[in-house]
Amino acid sequence: MRLPKSGTVEIAPSILSADFANLASEVKEVADAGAKIVHLDVMDGHFVPNITFGAPVVAKLREYSDLCFDAHLMISEPEKYIADFAKAGADHITVHIETTDDPIGLINRIHDLGCTAGITLNPATELSSIEKVANLCEMVLVMTVVPGFGGQSFMADAAKKCIKLRSLVDSDTRIEVDGGIDPVTAQVVASYGADTLVAGSAVFGKDNRKEAIDAILEACK
Ligand code: DX5
Ligand code: ZN
(Lines give C-alpha, C1' and ligand atoms only; values in the text may rest on other atoms or scores of the structure.)
(Ligands and ions follow the chains in the order given, each with its own letter.)
Protein backbone atom coordinates (compact mmCIF):
# COMPACT_ATOMS: atom_id res chain seq x y z
CA MET A 1 0.00 0.00 0.00
CA ARG A 2 1.22 3.49 -0.77
CA LEU A 3 1.68 6.10 1.93
CA PRO A 4 -1.81 7.33 2.87
CA LYS A 5 -2.64 10.82 1.58
CA SER A 6 -2.26 13.59 4.15
CA GLY A 7 -5.26 14.76 6.15
CA THR A 8 -5.51 11.86 8.59
CA VAL A 9 -3.52 10.96 11.68
CA GLU A 10 -1.91 7.56 11.21
CA ILE A 11 -0.17 5.32 13.71
CA ALA A 12 2.84 3.49 12.31
CA PRO A 13 3.62 0.60 14.67
CA SER A 14 7.35 -0.19 14.74
CA ILE A 15 8.15 -3.87 14.54
CA LEU A 16 11.29 -3.20 16.60
CA SER A 17 9.13 -4.02 19.63
CA ALA A 18 7.31 -6.95 17.99
CA ASP A 19 8.02 -10.67 18.30
CA PHE A 20 10.63 -11.15 15.55
CA ALA A 21 9.90 -14.87 15.44
CA ASN A 22 6.27 -14.16 14.50
CA LEU A 23 6.46 -11.03 12.38
CA ALA A 24 3.71 -11.96 9.93
CA SER A 25 1.10 -12.49 12.65
CA GLU A 26 2.30 -9.44 14.58
CA VAL A 27 1.87 -7.22 11.52
CA LYS A 28 -1.52 -8.78 10.74
CA GLU A 29 -2.65 -7.93 14.23
CA VAL A 30 -1.91 -4.21 13.82
CA ALA A 31 -3.46 -4.24 10.34
CA ASP A 32 -6.62 -5.75 11.81
CA ALA A 33 -6.51 -3.01 14.45
CA GLY A 34 -6.65 -0.35 11.72
CA ALA A 35 -3.00 0.57 11.12
CA LYS A 36 -2.26 1.45 7.49
CA ILE A 37 1.49 1.82 7.91
CA VAL A 38 4.07 -0.45 9.50
CA HIS A 39 7.41 1.10 10.45
CA LEU A 40 10.50 -0.97 9.69
CA ASP A 41 13.56 0.05 11.69
CA VAL A 42 16.67 -1.00 9.79
CA MET A 43 19.88 -0.66 11.84
CA ASP A 44 23.40 -1.51 10.75
CA GLY A 45 25.50 -1.45 13.92
CA HIS A 46 27.53 1.38 12.36
CA PHE A 47 25.38 4.49 11.98
CA VAL A 48 23.60 3.35 15.15
CA PRO A 49 24.93 0.98 17.83
CA ASN A 50 22.43 -1.79 17.17
CA ILE A 51 21.63 -4.28 14.39
CA THR A 52 18.12 -5.30 13.39
CA PHE A 53 17.32 -6.74 9.95
CA GLY A 54 17.81 -6.10 6.26
CA ALA A 55 16.03 -6.35 2.93
CA PRO A 56 15.53 -10.16 2.92
CA VAL A 57 13.31 -9.91 6.02
CA VAL A 58 11.33 -7.09 4.41
CA ALA A 59 10.87 -9.15 1.22
CA LYS A 60 9.55 -12.13 3.16
CA LEU A 61 7.20 -10.00 5.25
CA ARG A 62 5.89 -8.41 2.05
CA GLU A 63 4.36 -11.78 1.14
CA TYR A 64 2.16 -11.56 4.22
CA SER A 65 1.08 -7.93 4.38
CA ASP A 66 -0.45 -5.20 2.19
CA LEU A 67 0.31 -2.40 4.64
CA CYS A 68 2.42 0.58 3.66
CA PHE A 69 5.98 -0.52 4.44
CA ASP A 70 7.77 2.50 5.92
CA ALA A 71 11.48 1.66 5.91
CA HIS A 72 13.53 3.83 8.27
CA LEU A 73 17.13 3.29 7.23
CA MET A 74 19.46 3.94 10.16
CA ILE A 75 22.44 2.87 8.07
CA SER A 76 25.65 4.33 6.69
CA GLU A 77 25.96 4.62 2.90
CA PRO A 78 22.22 4.24 2.27
CA GLU A 79 22.80 4.75 -1.48
CA LYS A 80 24.21 1.22 -1.58
CA TYR A 81 21.05 -0.37 -0.19
CA ILE A 82 17.97 1.62 -1.23
CA ALA A 83 17.46 -0.44 -4.39
CA ASP A 84 17.45 -3.63 -2.30
CA PHE A 85 14.77 -2.23 0.00
CA ALA A 86 12.67 -0.99 -2.92
CA LYS A 87 12.91 -4.40 -4.56
CA ALA A 88 12.01 -6.06 -1.26
CA GLY A 89 8.73 -4.15 -1.26
CA ALA A 90 9.31 -1.02 0.78
CA ASP A 91 6.73 1.62 -0.17
CA HIS A 92 8.38 4.52 1.60
CA ILE A 93 12.10 4.86 2.30
CA THR A 94 13.52 7.33 4.82
CA VAL A 95 17.21 8.16 5.01
CA HIS A 96 19.14 10.16 7.59
CA ILE A 97 20.56 13.52 6.56
CA GLU A 98 23.67 12.66 8.61
CA THR A 99 24.46 9.77 6.24
CA THR A 100 24.69 11.59 2.92
CA ASP A 101 26.42 14.49 1.18
CA ASP A 102 23.91 14.32 -1.65
CA PRO A 103 20.43 14.18 -0.14
CA ILE A 104 18.77 15.47 -3.32
CA GLY A 105 20.38 12.74 -5.41
CA LEU A 106 19.37 10.13 -2.87
CA ILE A 107 15.75 11.32 -2.75
CA ASN A 108 15.56 11.41 -6.56
CA ARG A 109 16.89 7.86 -6.65
CA ILE A 110 14.27 6.68 -4.13
CA HIS A 111 11.58 8.22 -6.34
CA ASP A 112 13.09 6.63 -9.45
CA LEU A 113 12.81 3.28 -7.69
CA GLY A 114 9.05 3.84 -7.39
CA CYS A 115 8.92 4.65 -3.67
CA THR A 116 7.91 7.72 -1.75
CA ALA A 117 10.83 9.35 0.02
CA GLY A 118 11.56 10.61 3.49
CA ILE A 119 14.37 12.51 5.14
CA THR A 120 15.08 12.47 8.84
CA LEU A 121 17.39 14.03 11.37
CA ASN A 122 18.75 13.07 14.76
CA PRO A 123 17.71 15.11 17.81
CA ALA A 124 21.11 16.84 17.81
CA THR A 125 20.92 17.81 14.13
CA GLU A 126 19.63 21.27 13.22
CA LEU A 127 16.40 21.53 11.28
CA SER A 128 18.18 23.85 8.82
CA SER A 129 20.12 20.80 7.54
CA ILE A 130 16.98 19.45 5.85
CA GLU A 131 15.33 22.72 4.82
CA LYS A 132 16.32 22.43 1.16
CA VAL A 133 15.19 18.83 0.77
CA ALA A 134 12.13 18.57 3.03
CA ASN A 135 9.74 19.64 0.28
CA LEU A 136 11.07 16.99 -2.11
CA CYS A 137 9.83 14.34 0.31
CA GLU A 138 6.31 12.98 0.75
CA MET A 139 6.99 12.58 4.49
CA VAL A 140 9.62 14.11 6.78
CA LEU A 141 10.58 12.25 9.95
CA VAL A 142 11.50 14.04 13.17
CA MET A 143 13.43 11.82 15.57
CA THR A 144 12.35 12.32 19.17
CA VAL A 145 14.95 9.90 20.57
CA VAL A 146 18.57 9.22 19.63
CA PRO A 147 18.06 6.37 17.14
CA GLY A 148 19.19 2.86 17.97
CA PHE A 149 16.82 1.43 20.51
CA GLY A 150 13.13 1.20 21.28
CA GLY A 151 11.65 2.15 24.63
CA GLN A 152 13.58 5.39 25.19
CA SER A 153 12.17 8.58 26.68
CA PHE A 154 10.59 11.19 24.42
CA MET A 155 12.78 14.27 23.86
CA ALA A 156 10.43 17.24 24.09
CA ASP A 157 12.85 19.79 22.59
CA ALA A 158 13.47 17.65 19.50
CA ALA A 159 9.71 17.32 18.98
CA LYS A 160 9.40 21.11 18.76
CA LYS A 161 11.13 20.96 15.35
CA CYS A 162 7.73 19.85 14.03
CA ILE A 163 6.33 23.34 14.55
CA LYS A 164 8.82 25.09 12.26
CA LEU A 165 8.82 22.13 9.87
CA ARG A 166 5.04 22.40 9.46
CA SER A 167 5.48 25.97 8.24
CA LEU A 168 8.28 24.96 5.86
CA VAL A 169 6.65 22.09 4.01
CA ASP A 170 3.55 21.85 1.83
CA SER A 171 0.29 20.96 3.55
CA ASP A 172 0.24 17.57 1.80
CA THR A 173 3.64 16.58 3.21
CA ARG A 174 3.29 14.23 6.12
CA ILE A 175 5.27 14.89 9.30
CA GLU A 176 6.24 11.72 11.11
CA VAL A 177 7.66 11.48 14.64
CA ASP A 178 9.60 8.54 16.02
CA GLY A 179 10.62 7.75 19.57
CA GLY A 180 8.85 7.68 22.90
CA ILE A 181 5.37 8.11 21.42
CA ASP A 182 2.51 7.13 23.74
CA PRO A 183 -0.92 8.69 24.32
CA VAL A 184 0.58 11.55 26.36
CA THR A 185 3.38 12.50 23.94
CA ALA A 186 1.16 11.85 20.90
CA GLN A 187 -1.09 14.66 21.99
CA VAL A 188 1.91 17.01 22.15
CA VAL A 189 3.28 16.15 18.69
CA ALA A 190 -0.17 16.23 17.10
CA SER A 191 -0.59 19.77 18.41
CA TYR A 192 2.73 20.62 16.69
CA GLY A 193 1.41 19.37 13.34
CA ALA A 194 2.73 15.80 13.22
CA ASP A 195 0.28 13.40 11.56
CA THR A 196 2.20 10.12 11.38
CA LEU A 197 3.16 8.67 14.73
CA VAL A 198 5.62 5.81 15.02
CA ALA A 199 4.97 3.72 18.11
CA GLY A 200 6.99 0.66 19.06
CA SER A 201 6.66 -0.16 22.73
CA ALA A 202 3.35 1.70 23.04
CA VAL A 203 1.77 -0.73 20.52
CA PHE A 204 3.75 -3.98 20.27
CA GLY A 205 4.67 -3.75 23.94
CA LYS A 206 0.98 -4.00 24.86
CA ASP A 207 -1.11 -7.17 24.91
CA ASN A 208 -4.09 -5.57 23.16
CA ARG A 209 -2.72 -3.80 20.09
CA LYS A 210 -6.10 -2.41 19.01
CA GLU A 211 -6.67 -0.77 22.38
CA ALA A 212 -3.12 0.58 22.25
CA ILE A 213 -3.56 2.12 18.78
CA ASP A 214 -7.00 3.50 19.64
CA ALA A 215 -5.65 5.10 22.81
CA ILE A 216 -2.96 6.98 20.85
CA LEU A 217 -5.43 8.07 18.16
CA GLU A 218 -7.94 9.20 20.76
CA ALA A 219 -5.29 11.34 22.48
CA CYS A 220 -4.64 13.19 19.20
CA LYS A 221 -8.25 14.34 18.75
C1 DX5 B 1 14.51 4.15 17.33
C2 DX5 B 1 13.55 3.67 16.25
C3 DX5 B 1 12.13 3.75 16.64
C4 DX5 B 1 11.74 2.88 17.79
C5 DX5 B 1 10.64 3.57 18.53
O6 DX5 B 1 15.79 4.04 16.87
O7 DX5 B 1 13.72 4.42 15.07
O8 DX5 B 1 11.27 3.53 15.54
O9 DX5 B 1 11.30 1.62 17.43
O10 DX5 B 1 10.39 2.84 19.67
P11 DX5 B 1 9.50 3.38 20.85
O12 DX5 B 1 8.15 3.71 20.27
O13 DX5 B 1 9.48 2.25 21.79
O14 DX5 B 1 10.18 4.61 21.39
ZN1 ZN C 1 12.18 4.36 13.36
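The values are calculated or read from the model by the stated rules, or taken from the named source; none is laboratory data. All figures in this text were calculated on a predicted structure; none of them were measured in a lab. Backbone-built Cβ (ideal geometry, glycine too); neighbour counts: all protein chains shown. With ligands, DNA and RNA removed, areas are computed over all heavy atoms of the protein, side chains included. Shrake-Rupley method; radii C 1.70, N 1.55, O 1.52, S 1.80 Å.
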(request) Filter the DSSP H helices in the chain by two things, a Kyte-Doolittle mean of at least 1.0 and an axial alpha-carbon span of 30 angstrom or more, and list the hits by number. (result) none
(request) Write down the accessible area per residue of the chain in Å², having rolled a 1.4 Å probe over the full set of protein chains. (result) 43
(message) I want to check the label-to-label distance for ASP157 and SER76. Put each point 7 Å from Cα in the C-beta direction and report it in nm to one decimal.
(response) 2.8
(message) What does DSSP give for the chain in terms of the percent of beta bridges that are antiparallel, rounded to the nearest 5?
(response) 5
(message) Can you work out the Karplus-derived ³J(HN,Hα) for every residue in the range 75-82? Use 6.51 cos²θ - 1.76 cosθ + 1.60 with θ = phi - 60°, whole Hz, and x for glycine or proline.
(response) 9, 6, 6, x, 4, 6, 10, 4
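For ASP84, ASP182, ASP101, what's the largest-to-smallest order of accessible area, 1.4 Å probe? Walk me through the numbers on the way to the answer.
On the way: ASP84 80, ASP182 55, ASP101 160 Å².
I get ASP101, ASP84, ASP182, largest accessible area first.
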(message) Let me check against my output: what whole-number percent is the relative contact order of the chain, with C-alpha pairs under 8 Å and at least 6 apart?
(response) 22
(message) Could you compute how much accessible surface HIS111 exposes when probed at 1.4 Å, giving the result in Å² to the nearest 10?
(response) 60
(request) Calculate I(q)/I(0) for the range 1-68 by the Debye formula, one identical point scatterer on each C-alpha and no solvent, and give its log10 at q = 0.20, 0.21 Å⁻¹ to two decimals. (result) -0.85, -0.92
(message) Regarding the range 29-181, what's the average projected area of the Cα-atom convex hull, expressed in nm²?
(response) 8.8
(message) Per q in 0.24, 0.27 Å⁻¹, report the Debye log10 I(q)/I(0) for the range 145-221, using one uniform scatterer on each alpha carbon and no solvent.
(response) -1.12, -1.30
(request) Find the centroid of the Cα atoms in the range 44-110 and in the range 207-221, then give the distance between the two in whole Å. (result) 27
(request) Could you pull the accessible area for SER25 with a 1.4 Å probe, rounded to 10 Å²? (result) 70
(request) Kindly provide the helix-only [θ] at 222 nm of the chain, computed as the sum of -39,500 (n - 2.57) over DSSP H runs of four or more divided by all residues, to the nearest 500 deg cm²/dmol? (result) -8500 deg cm²/dmol
(message) Take the residue pairs LYS5/LYS80; LYS132/LYS164; LYS132/LYS160 and return only those whose Cα atoms are more than 21 Å apart.
(response) LYS5/LYS80
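In the range 82-157, which GluC sites (Glu not before Pro) are in a loop and have at most 12 other Cβ atoms within 10 Å, using DSSP for the loop call? Walk me through the numbers on the way to the answer.
Numbers: sites: GLU98, GLU126, GLU131, GLU138; in loops: GLU126, GLU131, GLU138.
In loop regions of the range 82-157 (DSSP not H, G, I, E or B), the sparsely surrounded GluC sites (Glu not before Pro) are GLU126.
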